[in-house]
């Protein structure tokens, strides 16, 4: 059993950790011991998982940037400021809330411009045409 002074010293050194985290640590050590997983293997697992995650994040960002460049290259230009326009689908079917039956909205993303143009063309077809699919 720990003495009062030793208990206080350990508490002071570990106070940066939430008590629940310390309990999770004890549980982790029990699982590692039961499953015969060394601390070195756990560190390798964490390093490998982090590296894989960073690689996936890098690949994802590259894909997003590629798509954005492709969109900006092939999209319509705003007639007011020449910025590549964005396209947004309109989900509301023709009726009271969509009197003219528009299916999508072209809009300028520039904060200095407020150009908008509604369209009855199918959003999916416009998107595919711009992004070069099908």
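All of the numbers you see were taken from the coordinates with simple rules; none came from a lab. These numbers come from a predicted model, not from an experiment. Please note: Cβ atoms are built from the backbone with ideal geometry, for glycine as well, and neighbour counts cover all protein chains shown.
Listing 119, 75 from fewest to most neighbouring C-beta atoms within 10 Å gives 119, 75.
Within the range 86-134, antiparallel bridges make up roughly 100 percent of the DSSP beta bridges whose residues both belong there.
Neighbour counts of C-beta atoms inside 10 Å place 85, 63 in the sequence 63, 85, starting with the fewest. For the range 73-134, averaging the sequence separation of C-alpha pairs within contact (under 8 Å, six or more residues apart) and dividing by the residue count gives a relative contact order of 28 percent.
Remark: 41, 36 ranked as 36, 41, counting other beta-carbon atoms within 10 Å and listing the fewest first. Rounded, prolate or oblate for the range 77-134? Axes are the square roots of the Cα gyration tensor eigenvalues, ordered a ≥ b ≥ c, and the cut-off for rounded is a/c under 1.5. Oblate, because a/c is 1.5 or more while a/b does not exceed b/c. In terms of overall dimensions, the range 14-89 has a Cα radius of gyration and Dmax of 23.9, 68 angstrom. Computing Rg and the Kirkwood Rh from the Cα coordinates of the chain gives a ratio, Rg/Rh, of 1.35. Helix 39-74 and the longest principal axis of the C-alpha atoms of the chain enclose an angle of approximately 10°. Label separation (residue 62 vs residue 27): 3.8 nm, computed from points 7 Å beyond Cα along the C-beta direction.
In the chain, helical runs assigned H by DSSP with n ≥ 4 each contribute -39500 (n - 2.57); averaged across all residues and rounded to the nearest 500, the mean residue ellipticity at 222 nm is -18000 deg cm²/dmol. Our summary gives the chain a relative contact order of 14 percent, counting only alpha carbon pairs under 8 angstrom and 6 or more residues apart. With respect to the chain, whose longest principal axis is taken over its alpha-carbon atoms, helix 4-13 is tilted by about 30°. The long axis of helix 19-34 is offset from the longest Cα principal axis of the chain by roughly 80 degrees.
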